[in-house]
Amino acid sequence: MNIDTKNLWKKNASEVISLLDKKEITIEEVVDSSLDRIKEINPDINAIVTLINEEEKEELINSFNNNTNNTLKGMPVLIKDMNDVQNMRTTYGSKLYSDNIPKNSDIIVQTIEKNGGLIIGKTNIPEFAAGSHTYNNVFGLTKNPWNTSLSAGGSSGGSAAALATGMSWFASGSDLGGSLRNPASWCGVVGLRPTSGLIAHGPSSFPFFNLSVDGPMARNVEDLSIFLDAMVDHNKNDPLSFKGTKDSYYKNLLKREDTKYLIGFTDDFGVFPCDKEVRGMMQNTLKLVQNLGHDINNTYPDMSKSEYCFQTLRSYIFYCTYKSLLKKDKNLIKEEVIWNINKAETITIDNLREAEKIRANIYSNTMKFFDKFDLLIVPSAIVPPFNSQEKWVKKVEDTTFDNYVSWLMIAASISLTSCPSIAIATSFSKDNAPFGIQIVAPPYQEQKLINFAKSLEENINISDMVPININNEHI
């Protein structure tokens with residue numbers, strides 16, 4: 001069999017893993033294909049900020065333990081620059097940590113490596129992953145590869161842009177208020193925010209915070225299911241981690257049967273603004289869902305108090321996590337992060353109590369919704385990708401935002417529920433960039449999400465167009 005090893009990056013991960021398993025290609029050929037693609041493409045979009053050198057590549061491949069049970073078989077993986085990788089520069093997007101070299105890898109990195117992934121580099125983020133637009137004062141801006149004048153989203157924007165352009169098959173993401181879902185849909189790839197505790201993470205000084213989760217990102221649903229298999233594992237060092245099923249999401253996806261669902265939907269939860277392009281995308285996507293035989297209904301959980309709840313809890317998290325950094329050099333911290341810390345200083349115990357009560361009600365209402373409905377479909381963001389020279393979205397419809405978090409509430413409200421949510425692109429904006437939906441399921445029902453998302457993906461050609469060249473030039 002004559003295999004073009006230099007262009008392995010064009011193939012889906014499932015194909016490459018099969019070739020590795022059959023020993024028709026080598027791990028080095030796969031890694032080289034990825035590294036060569038990175039050298040060609042990354043200078044134009046700045047998605048990858050740290051990369052192994054030739055000597056480190058050889059050490060990585062030579063140290064790989066190719067046990068027959070590992071999931072990824074030596075596939076290269078990119079890690080979001082919020083996660084520590086042993087002996088690899090990890091900055092968190094901050095000048096305060098521009099020379100930081102961790103002595104130990106964090107839990108998700110250890111899990112990925114145990115399951116056969118080779119960490120070849122780090123992807124760009126906004127400073128401390130704050131906001132859904134990927135730029136910082138260490139590495140600069142990550143551009144949307146479909147249209148380089150637009151935002152790639154964030155905070156996992158580097159991961160999403162790298163996947164879209166074929167620089168890797170797998171990249172990690174994390175999600176507090178949409179940081180994984182927004183860039184996935186804006187770059188035409190797939191991202192999963194899992195149920196809290198399914199993917200162990202940390203270590204953390206505040207390990208019981210459960211609003212932020214780590215999750216897999218990949219070019220398509222099938223590849224994402226493989227990466228999810230490689231990230232799911234119980235770890236006693238994460239107190240929220242639990243022992244999940246030993247079934248393979250990937251294998252169960254391959255043998256799935258078509259199931260017809262009752263699906264709720266909303267553009268805006270009746271409380272958030274929504275750009276007219278996004279409303280049009282939702283109409284078209286829902287027509288497809290109906291054509292596939294599913295029943296849809298404009299019904300959804302009550303999210304009317306979700307912004308107060310999320311903003312309060314988020315500020316508390318930022319205060320606990322980053323307050324101490326203000327003593328180092330306040331001038332090196334971006335104003336949005338300082339705003340979040342300062343906001344927390346005005347929060348009282350009664351405010352926290354009220355936020356927790358609201359979250360409990362949101363969860364209860366969401367579970368009542370899922371007593372009747374199988375899934376919920378919501379936009380992944382209230383706007384398509386915006387101009388990359390803007391820091392954040394300032395106005396949508398008749399609503400003006402005075403902070404960088406409010407425009408993210410369509411995704412952040414879902415974070416409050418602890419429900420898994422998968423984001424995929426379903427349309428293109430007038431600026432020729434992807435955007436799309438998030439699909440939400442009850443906690444622990446990731447398999448249902450993946451199977452349904454795959455059925456949608458098969459009827460939308462965006463995943464067939466990934467990987468792309470810069471500005472959507474044909475490969």
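Taken together, the values in this text are just the output of simple stated rules run on the coordinates, not laboratory data. Nothing here was measured: the structure is a model prediction, and the numbers come from that model. Cβ placement follows ideal geometry from the backbone for every residue including glycine, while neighbour counts extend to all protein chains displayed.
What to note about this one:
- Under the membrane-span-like helix rule (DSSP H runs whose alpha carbons stretch at least 30 Å along the helix axis, mean Kyte-Doolittle hydropathy 1.0 or higher), the chain yields none.
- Convex hull volume per residue, computed on the Cα atoms of segment 170-314, equals 140 Å³.
- Dipole of the chain computed with +1 at Lys/Arg Cβ and -1 at Asp/Glu Cβ about the Cα centre; of 340, 85, 432, farthest Cα towards the positive end is 340.
- Mean sequence separation of contacting Cα pairs (under 8 Å, at least six apart), scaled by the length of the chain, corresponds to a relative contact order of 17 percent.
- Scaling the Cα radius of gyration of segment 404-475 by the globular reference 2.2 N^0.38 Å produces a ratio of 1.30.
- Pairwise centroid distance, computed over Cα atoms, of segment 368-397 with segment 222-273, Å: 19
- Long-range Cα-Cα pairs in segment 1-86 (distance over 23 Å), rounded percent: 25
- Full extension of the chain between residue 431 and residue 389 gives 13.6 nm of extra length, using 0.36 nm per residue less the Cα-Cα distance.
- Helix-only [θ]222 nm of the chain, DSSP H runs n ≥ 4, -39500 (n - 2.57) each, per residue, nearest 500: -11000 deg cm²/dmol
- Here residue 351 and residue 206 are evaluated by their C-beta separation; at R0 = 25 Å the FRET efficiency comes out at 0.85.
- Each DSSP beta bridge with both residues in segment 9-472 is either parallel or antiparallel, and the antiparallel ones are about 70%.
- About its Cα centre, segment 9-472 has a charge dipole of approximately 700 debye under the convention of +1 per Lys or Arg Cβ and -1 per Asp or Glu Cβ, with nothing else charged.
- Rg and Dmax of segment 220-263, both derived from C-alpha coordinates alone, stand at 13.4, 39 Å.
- Residues 367, 409, sorted so that the one with the fewest Cβ neighbours within 10 Å comes first: 367, 409
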